[in-house]
Amino acid sequence: MAIERTLSIIKPDATKRNLTGKINAKFEDAGLRIIAQKRIQLTKDQAGEFYAVHKERPFYDELCEFMASAPVVAQVLEGEGAIAKNREVMGATNPADAEAGTIRAEFAESVGENSVHGSDAPDTAADEIAYFFSGLELVG
Ligand code: DAT
Ligand code: MG
C-alpha cells in the first residue's frame with residue numbers, strides 16, 4: 001500500500017462542540033499524520049462548489065447551509081493507504097450505522113451533521129486538497 005494524502009474536514013457541528021482535538025487524536029492514533037491544517041469559515045457558495053457532486057441530491061441545500069453555519073477545520077492527512085484508513089476512522093455516513101469507536105459513532109449528531117468529511121478516492125482527494133491548500137502549505 002502506497003503513502004497517500006487525503007482531504008479531511010472537521011465540520012461545523014464538531015468545531016462548535018470543541019471536538020477538534022479529540023478528532024485529531026483519532027487520526028493520529030490510527031497512524032495518520034496531519035501535514036496541513038487551517039480553520040476557515042466557508043460561504044454557502046464555497047460549500048456548494050466543494051460538494052457540487054451532490055447538487056442533484058435532495059439534501060444538497062441543507063448540506064451547504066450546514067457547512068457554512070460555523071467554521072470548519074480543513075486538513076490534509078498523510079499515511080499508508082490514508083484514503084481508506086481515514087474513511088475507516090470516520091465510520092459510516094449515518095452515525096446509526098457507524099462502528100463503535102469511529103468518529104461518527106462517538107461524535108456525529110445525525111446523517112447530515114456527521115462531524116467529518118473525508119475524500120473517497122485518489123482523484124477526488126487530489127482535487128479536494130487543491131481546493132483548500134497550495135502545494136507550499138503541505139508539509140510532510
Ligand atoms: P460521506 O460524507 O460519508 O462521504 P456522502 O458523500 O454520501 O457521504 O454525502 C456527503 C454528505 O452529505 C454527508 O457526509 C452528509 C450529507 N448527506 C448524505 N446523505 C444524506 C442524507 N440522506 N440526508 C442528509 N444529509 C446527507
Ligand atoms: Mg463523500
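The values are calculated or read from the model by the stated rules, or taken from the named source; none is laboratory data. Please read all numbers here as calculations on a predicted model, not as lab measurements. FYI the Cβ positions are ideal-geometry reconstructions off the backbone, even for glycines, and counts take in every protein chain you see. Keep in mind that these areas ignore ligands, DNA and RNA; they rest on the heavy atoms of the full protein, side chains included. Shrake-Rupley method; radii C 1.70, N 1.55, O 1.52, S 1.80 Å.
Apart from one condition, residue 3 fits all of (1) in contact with a strand residue (DSSP E or B) (Cβ under 9 Å, 6 or more places away or on another chain); (2) on the phi > 0 side of the Ramachandran plot; (3) exposed (fewer than 12 other Cβ atoms within 10 Å of the Cβ); the exception is (2). When residue 58 is tested against (1) without any contact (Cβ under 8 Å) to a residue 60 or more places away in the chain; (2) open to solvent by 40 Å² or more (accessible area, probe 1.4 Å); (3) touching a strand residue (DSSP E or B) at 6+ places or on another chain (Cβ under 8 Å), exactly one condition is not met: (3).
Under the condition of being basic (Lys, Arg) and more than 15 Å from ligand 2 (Cβ to nearest atom), the residues counted in the range 81-103 number 1. You will find that of 65, 49, 78, 106, the residue that is within 16 Å of ligand 2 (Cβ to nearest atom) and either in a helix (DSSP H, G or I) or at pLDDT 95 or above (or both) is 49 and no other. For the range 84-103, a tally of residues being assigned to a helix (DSSP H, G or I) and either under 18 Å from residue 25 (Cα atoms) or at pLDDT below 95 (or both) returns 8. Count of the range 109-130 residues, restricted to those that are away from ligand 2 (no atom under 14 Å from the Cβ) and either in contact with a Phe, Trp or Tyr (Cβ under 7 Å, 6 or more places away or on another chain) or among the aliphatic types (A, V, I, L, M) (or both), is 4. Figure legend. Inter-residue proximity from the range 105-116: first residues farther than 14 Å from residue 17 by Cα, second residues among the basic types (Lys, Arg) and more than 8 Å from ligand 1 (Cβ to nearest atom), beta-carbon distance below 8 Å, spacing 6+ or different chains. No pairs are indicated.
Against the numbered list (1) under 16 Å from residue 7 (Cβ atoms); (2) open to solvent by less than 70 Å² (accessible area, probe 1.4 Å), residue 122 comes up short only at (2). Filter the range 61-109 for residues that are out of contact with any strand residue (DSSP E or B) (no Cβ under 6 Å at 6 or more places or on another chain), among the β-branched types (Val, Ile, Thr) and crowded, with 18+ Cβ neighbours inside 10 Å and give the result. Within the range 61-109, 89, 102 qualify. Within the range 8-38, the residues that satisfy the criterion of being under 12 Å from residue 70 (Cβ atoms), charged (D, E, K, R) and over 13 Å from the mean Cα position of the chain (by Cα) are 16, 17.
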